[in-house]
Amino acid sequence: MSETGPSLITIFMSMALINNFILSKFLGLCPFFGVSKKLTNAISMGAAVTLVMVMASIATTLIYRFILVPYKVEFMNIIIYILVIASLVQIVELFIKRTNITLYNSLGIYLPLITTNCAVLGITLINAQANYAMVQSIISALGGGIGFTLMLIVMSGIRERIEFADTPKSMRGLPIAFIIAAILSLAYMGFSGMI
Amino acid sequence: MWIIIAILTAIGVICGVLIWVTNKTLPKEPASLAKAQEVSEHLPGMNCGACGFPGCFAYAQALSKDKKVFFSNVCATVLQDNTMLGGIEKSLDLVVDKNAMNKKAVVCCSGDCEKIGTYVGVGTCKSATKILKGFKKCPFGCLGLGDCTHVCPQNAISIDVDRKIAVIDPDKCTGCGLCVKECPRNIIKLIPADSKVVFRCSYDSIRDIPGREKCESGCIHCRRCFKACENEAIIWNKDKQIPEFDLSKCIDCGACIAACPKNVLTKLKVDASKKEKVLTK
């Protein structure tokens, strides 16, 4: 299926590091600032996003390949993807709640929050744009999710330490977090052009 | 045009049916969750976190799994309220000895302490403590900057403007202990709610700091309260040189309170006249 496309490792590294969702695509910024105050929360959120990203990629790739392309309605992908992702998250939430209550508790509020996360919609649209096959889209979603988790962990680590730093009063909290994000983003630009 | 509408409707209907089918076919919520739901109806729902769980529902889940949690991580608000306590006892099938567990927080400082300088820094006790161990003469005096007032979920703590110390209203206090953790000088203590007498001084010679005397209004270790008590309800702690109370023997006669020359011993609820006495001293 993927004779012409880039190799799987290239896709994975590109999604996780080089075209990182948060720092170079600016997708999923709300959890990046909202949930990065504590390391444990960041890890839970990252895990939940990765899970939903992979599942959404599988579902949307199927829909794109077998419904949208044959009927020539590819331009409808945004609205259909929103619908599919929202229902998918609902089903996953129900499933986890009924089968594994411990996992449900540790994911907590983050699972329903992801319903409208732009990073999840972003990965499905990127997959459609690049016309990835099934394996490629799963790998790219996995890379995107792991890159997202990595950034959340890095950010929460920094913000936990920033709490103890002598920050000017007007810069405390979110303002300094935005500046840190900008510096991180600049640093990550070093990866650009590696592929 | 029509094909677009058809596809969108079809996908919407399929998604809806899928959610419905998942909801129907999956096994019902585990019994523990239903039980937790029942328990949580008897909890205050303030989500203060004083019990040690992230919220009332998490506490209810822990309770429904193991009811002994109620004794290890007690919810002080439930203890104060008979309807809530009755509901918990009924749904968890346990018996709670209310008086033995009920606690009140008291600020163990009488105030009126001389200052060693003027503090103009950040207006929290936590910051003030870091500079020369606080701006009051006594290293264990209440700074009165009100860190504890902000954490109290019941708004039971106020700052006495004249004496510049925190005052806890025992009627509002639920004994949750949040202020005890917050106080950087460790001078808020939890005492049994049926205590008749409160020893309002935290000066401790064991933890003394060289070069810092204790304040004028603190305990002078005269042992007059110990001698005044006829029922041997006061036990003199020789190491710390402070009185301790045996609640089973105390008959609330007030002899020790009258005997104390420094007004360090007070009733749990300080009435207005007493406050004035301290002020005019």
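Filtered by the rule that a residue be over 11 Å from A:L121 (Cβ atoms), more than 10 Å from chain B (Cβ to nearest Cβ) and hydrophobic (A, V, I, L, M, F, W, C), the range A:60-95 gives A:L62, A:F66, A:V69, A:V89.
Counting residues in the range B:111-130 that are farther than 30 Å from A:D166 by Cβ, in the same structural domain as B:I168 (by TED's automatic domain parsing) and not acidic (D, E) gives one or more.
Residues of the range B:34-50 include at least one that is away from every other protein chain (no Cβ under 14 Å) and more than 27 Å from B:K172 (Cβ to Cβ). Say whether the condition of being among the polar types (S, T, N, Q), part of a helix (DSSP H, G or I) and open to solvent by 40 Å² or more (accessible area, probe 1.4 Å) is met by at least one residue in the range A:177-194. Within the range A:177-194 (the criterion being among the polar types (S, T, N, Q), part of a helix (DSSP H, G or I) and open to solvent by 40 Å² or more (accessible area, probe 1.4 Å)), the answer is no, since none of the residues qualifies. Where helices (runs of 4 or more DSSP H) sit wholly within the range B:215-280, those with at least 2 residues that are more than 26 Å from the chain's Cα centre (by Cα) and either modelled with pLDDT of 80 or more or under 18 Å from B:V106 (Cα atoms) (or both) occupy B:224-228, B:255-259. Every listed requirement among (1) under 22 Å from A:G34 (Cβ atoms); (2) crowded, with 20+ Cβ neighbours inside 10 Å is met by A:A165 save one, (2).
When residues in the range B:172-190 are screened for being open to solvent by less than 30 Å² (accessible area, probe 1.4 Å) and under 11 Å from the mean Cα position of the chain (by Cα), 7 of them pass. Of B:I7, B:I88, all but one fail to be surrounded by 12 or more Cβ atoms within 10 Å (Cβ to Cβ), more than 11 Å from chain A (Cβ to nearest Cβ) and either touching a helix residue (DSSP H, G or I) at 6+ places or on another chain (Cβ under 8 Å) or under 30 Å from B:V180 (Cβ atoms) (or both); the exception is B:I88.
Given the criteria within 30 Å of B:F53 (Cα to Cα), within 12 Å of chain B (Cβ to nearest Cβ) and either touching a residue at least 60 places away in the same chain (Cβ under 8 Å) or open to solvent by 30 Å² or more (accessible area, probe 1.4 Å) (or both), does A:T50 qualify? No; evaluated as a whole, the condition is false for this residue. Output yes when any residue across the range B:223-240 is buried (at least 19 other Cβ atoms within 10 Å of the Cβ) and closer than 19 Å to B:F140 by Cα, and no when none is. No, every residue in the range B:223-240 fails to be buried (at least 19 other Cβ atoms within 10 Å of the Cβ) and closer than 19 Å to B:F140 by Cα.
The condition of being touching a residue at least 24 places away in the same chain (Cβ under 8 Å) and of a type in the set (F, W, Y) does not hold for B:F135. Here's a check for you: in the range B:10-29, which residue that is facing chain A (nearest Cβ under 7 Å) and open to solvent by 40 Å² or more (accessible area, probe 1.4 Å) is modelled with the lowest pLDDT? Selected residue: B:E29. Counting only helices (runs of 4 or more DSSP H) wholly contained in the range A:32-135, the ones carrying 2 or more residues that are in contact with a Gly (Cβ under 7 Å, 6 or more places away or on another chain) and within 23 Å of B:L8 (Cα to Cα) occupy A:39-63, A:118-130.
Here B:F71, B:F140 are screened, and the one residue that is touching a helix residue (DSSP H, G or I) at 6+ places or on another chain (Cβ under 8 Å) and assigned to a loop (DSSP other than H, G, I, E, B) is B:F140.
The values are calculated or read from the model by the stated rules, or taken from the named source; none is laboratory data. Keep in mind the model is a prediction, meaning the values are calculated, not measured. Here the Cβ is made from the backbone with ideal geometry for all residues, glycine too, and neighbour counts use every protein chain on show. Only protein heavy atoms, including side chains, enter the accessible area calculation; ligands, DNA and RNA are left aside. Shrake-Rupley method; radii C 1.70, N 1.55, O 1.52, S 1.80 Å.
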